[in-house]
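To keep things clear, I will list the structure first and then write my remarks on it.
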Amino acid sequence: MLKLFKIARLFLHLLFGVVLIVVHAFLFRRNASNPLFQQAVQHWYHKACHLVGLQIKVQGMVAKGPVLLVANHISWLDIPLMASLCNPRFLSKSEVRRWPLIGWAAEKLNTLFIVRGKRTAAEAVSGAIAEGLEQGDRILIFPEGTTTTGENVGFLYPRLFGAAIATESWVQPVVIHYQDSNSHGHSSERVPYIGDQTLLGNLWALLGSQDLVAHVYYLEPVDSADAARKALAMNIQNSMQQCLAQSQAHH
């Protein structure tokens with residue numbers, strides 16, 4: 001019964017989010033870069049994290065100014081988590097656009113969508129990322145390309161770093177590590193949204209987590225000027241893996 005109550009509260013919160021977007025985007029004609037709109041959305045995401053019982057512990061600080069944030073990807077929960085902390089623009093797979101309400105909201109919040117497996121689409125997104133960086137945006141990507149168990153940092157696709165290199169922007173690695181008291185290892189087994197799981201099935205498992213904590217680490221920003229894509233991606237992957245291993249060893 002407690003899980004059903006939590007799901008009902010989340011559904012109402014989702015509806016409130018729709019109203020929030022309608023009011024700001026249509027009634028007040030504010031775009032996603034408007035400070036009042038951003039503050040309201042960030043608060044909404046923070047409340048969503050609270051409703052699923054997530055505690056958030058942060059080390060380091062997000063870089064100021066235009067920056068490409070690069071994070072490991074474990075779950076749909078990564079998005080409200082990071083949005084509640086630094087409210088970046090997200091790069092997301094095109095399938096999300098078709099999700100009920102969530103896809104519409106993501107579009108209104110200026111999300112960049114990518115069609116996986118199509119080189120021309122990736123190039124178009126790189127162009128959009130570069131344009132956003134030149135306009136001073138903070139953009140977050142998950143260059144593993146898919147969700148993982150969170151036990152390791154997967155391969156980072158180098159082509160997604162091209163926009164940062166082209167604009168000589170800073171790249172800041174971000175490491176996400178979920179932990180709860182239900183799991184046998186050092187990482188949560190309930191949070192990862194992988195395999196054939198449905199969104200509702202994953203949410204149901206997640207809501208059964210005890211003492212759920214997200215450890216978020218902002219690593220030192222990296223200057224991408226004159227860097228090679230493959231070398232930059234590999235170096236960042238190694239630093240993220242090292243940070244994740246240290247977090248697993250200490251928690």
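Structure data summary
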| item | result |
| --- | --- |
| Of all residues making up region 180-207, the number that are assigned to a loop (DSSP other than H, G, I, E, B) and either among the hydrophobic types (A, V, I, L, M, F, W, C) or closer than 13 Å to G53 by Cβ (or both) | 8 |
| Pair list, Cβ < 9 Å and 6+ apart or interchain, from region 229-251 residues that are closer than 22 Å to Q179 by Cβ to residues that are surrounded by fewer than 16 Cβ atoms within 10 Å (Cβ to Cβ) and of a type in the set (G, A, S) | Q248/G185 |
| Every residue from region 8-44 that is in contact (Cβ under 8 Å) with a residue 24 or more places away in the chain, closer than 20 Å to L112 by Cα and either surrounded by fewer than 16 Cβ atoms within 10 Å (Cβ to Cβ) or touching a Ser or Thr at 6+ places or on another chain (Cβ under 7 Å) (or both) | V18, N31, S33, Q42 |
| Every residue from region 49-93 that is of a type outside the set (A, V, I, L, M), closer than 11 Å to I176 by Cβ and either modelled with pLDDT under 95 or touching an Asp or Glu at 6+ places or on another chain (Cβ under 8 Å) (or both) | N72, H73 |
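Yes or no, residue by residue, for (1) of a type in the set (G, A, S); (2) out of contact with any Gly (no Cβ under 8 Å at 6 or more places or on another chain); (3) in a strand (DSSP E or B):
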residue	(1), (2), (3)
S126	yes, no, no
E131	no, yes, no
P143	no, yes, no
T149	no, yes, no
V153	no, yes, no
L160	no, yes, no
V174	no, yes, yes
Y178	no, no, yes
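The values are calculated or read from the model by the stated rules, or taken from the named source; none is laboratory data. If you're wondering where the values come from, they're calculated on a predicted model, not measured in any experiment. Glycine gets a Cβ as well: all are built from the backbone with ideal geometry, and neighbour counts include every protein chain shown.
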